[in-house]
Amino acid sequence: MTHTITRSAVSRNHRVDILPNAMAALWSRTSLLKEFWDVVQAVGTWPGAAISRDRRGLCLAVNGVKLGHLDWDGRLVLSFGPEMRNQLVAEKMANRHLGQADREYAILDVRTADDVRRALWLLRFAYLIQDAKQDACASVAARELGVAL
């Protein structure tokens, strides 16, 4: 039986404290630490941000909408529809998930400052897509109920 305890990684002062001590010691010796934390800290400042950890990394969500998963190795995994994923891959904004090329995942390995900027752009884009879907559902529901938005 597996239990995942999720807790917000963003406190009131936006200090992030999510790595277990052993993982923190390992990460402090890598060159990826800055880029990883740049993504986490930026997402953590967004209104409604929720960052929770699991054994593979961090789940990044805003207002209950899962945007992506940032693995401990710096790999950002985002779920887009197949057409959008293919477009992002064609424009070299992301890559296919090699082990699961048939799935709708787009990935980005966050290694440089440019990768951080691209990761944040992709996360915002994922949020806008989800937000538009929620607005469309709300509009349909409102029309069915005869309520004006």
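Close amide-amide hydrogen proximity is noted between Leu67 and Leu60, Ala61, Val62, each under 5 Å apart and 5 or more residues distant or on a separate chain (H modeled in the peptide plane; Pro and chain starts excluded). Distances between placed amide hydrogens fall under 5 Å for Asp54 paired with Cys59, all partners being 5 or more residues away or on another chain.
Phi-derived couplings, Karplus 6.51 cos²θ - 1.76 cosθ + 1.60 at θ = phi - 60°, listed residue by residue for region 126-131: 4, 5, 4, 5, 5, 5 Hz, with x used for Gly and Pro. Karplus-derived 3J(HN,Hα) values for region 108-113, using 6.51 cos²θ - 1.76 cosθ + 1.60 with θ = phi - 60°, are 9, 8, 8, 10, 10, 4 Hz; glycine and proline are entered as x.
The numbers here are math on the coordinates, done by the rules we state, and not lab data. Computed from a prediction, not measured in an experiment: that's the story for all the values here.
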